[in-house]
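> For reference, the structure I am asking about is given below.
The values are calculated or read from the model by the stated rules, or taken from the named source; none is laboratory data. This one's a predicted model, so the numbers in the text were calculated from it and none came from an experiment. Cβ: placed from backbone, ideal geometry, glycine included. Neighbour counts: every protein chain shown.
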Amino acid sequence: MHKLAVAIALSSLAGVSYAAPETFVIDTTHTAPRFEYSHFGYSRQVHRFDKTSGRVVMDRQAKTGSVDVTIDAKSVNTGYALFNEHIQSEDFFDTARHPTITFKSTKVEFKGDAPASVTGDLTIKGVTRPVTLAVTSFHAMPHPMLKRDAIGANATAQIKRSDFNMGKYAPNVSDEVTLSIALEAVKE
């Protein structure tokens, strides 16, 4: 009788699924880091980077995760080739010496089953500062075309470009910059 009870107990555990971290690879065609600033008070300029890579690891049950993003700073896209070159100069991104921008999370906070904020180290132009991204939307579901699990999120943060040795023309061109990222990633 004891063997039967043990067999029943073990068989009931066989159907239990234990949550584990899942790794998602950034979809480069649907991920767009952007930055926005005031240009002499005339307008809010919005520019983007066209090449981004990285991974997101999440365990929604344990409410843990990590984010590791690399942006090709040379892929900056202002819509104007001459200006793209100008902001890649030493005064701004200095892409000759610092071709990438990175963000590596140190903490992910959840609200329910979804991430609410991601704190990490942002490195621009060789300078690393802590930044917290507020997650404004998050969605997880099987991708309808790829037939694999996928996630998507939007997040935003405020930084000062002078904190990254990029303060030229401030305050006429605002020191305060809004960073935002639309990110999609597919399960590995």
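> Go through the residues of region 95-112 one by one and say whether even a single one is without any contact (Cβ under 8 Å) to a residue 24 or more places away in the chain, out of contact with any Gly (no Cβ under 7 Å at 6 or more places or on another chain), closer than 21 Å to residue 74 by Cβ and not polar (S, T, N, Q).
Among the residues of region 95-112, at least one is without any contact (Cβ under 8 Å) to a residue 24 or more places away in the chain, out of contact with any Gly (no Cβ under 7 Å at 6 or more places or on another chain), closer than 21 Å to residue 74 by Cβ and not polar (S, T, N, Q), which makes the answer yes.
> Just to verify a result, which residue in region 85-126, among those that are acidic (Asp, Glu) and in contact with a strand residue (DSSP E or B) (Cβ under 6 Å, 6 or more places away or on another chain), is farthest from residue 67 (Cα to Cα)?
109
> Return yes or no: is residue 159 out of contact with any Pro (no Cβ under 6 Å at 6 or more places or on another chain) and modelled with pLDDT of 95 or more?
For residue 159, the condition - out of contact with any Pro (no Cβ under 6 Å at 6 or more places or on another chain) and modelled with pLDDT of 95 or more - is met.
> Those residues that are in a loop (DSSP other than H, G, I, E, B), of a type in the set (Lys, Arg) and closer than 22 Å to residue 164 by Cα, I need them from region 49-92; list them, please. Please lay out each step first, then the result.
Of the residues in region 49-92, the ones in a loop (DSSP other than H, G, I, E, B) are 50-51, 60-63, 78-80, 88-92.
Right, trim to of a type in the set (Lys, Arg) and you get 51, 60, 63.
Selection gives 51 alone.
> So is residue 173 surrounded by 15 or more Cβ atoms within 10 Å (Cβ to Cβ), in contact (Cβ under 8 Å) with a residue 12 or more places away in the chain and either in contact with a Lys or Arg (Cβ under 6 Å, 6 or more places away or on another chain) or farther than 25 Å from residue 77 by Cα (or both) or not?
Here the answer is no, as residue 173 does not meet what is asked.
> When region 93-127 is examined, which residues are found to be in a loop (DSSP other than H, G, I, E, B) and under 15 Å from residue 179 (Cβ atoms)? Reasoning before the result, please.
Residues of region 93-127 that are in a loop (DSSP other than H, G, I, E, B), as a first pass: 93-99, 112-113, 125-126.
Result: 93, 125.
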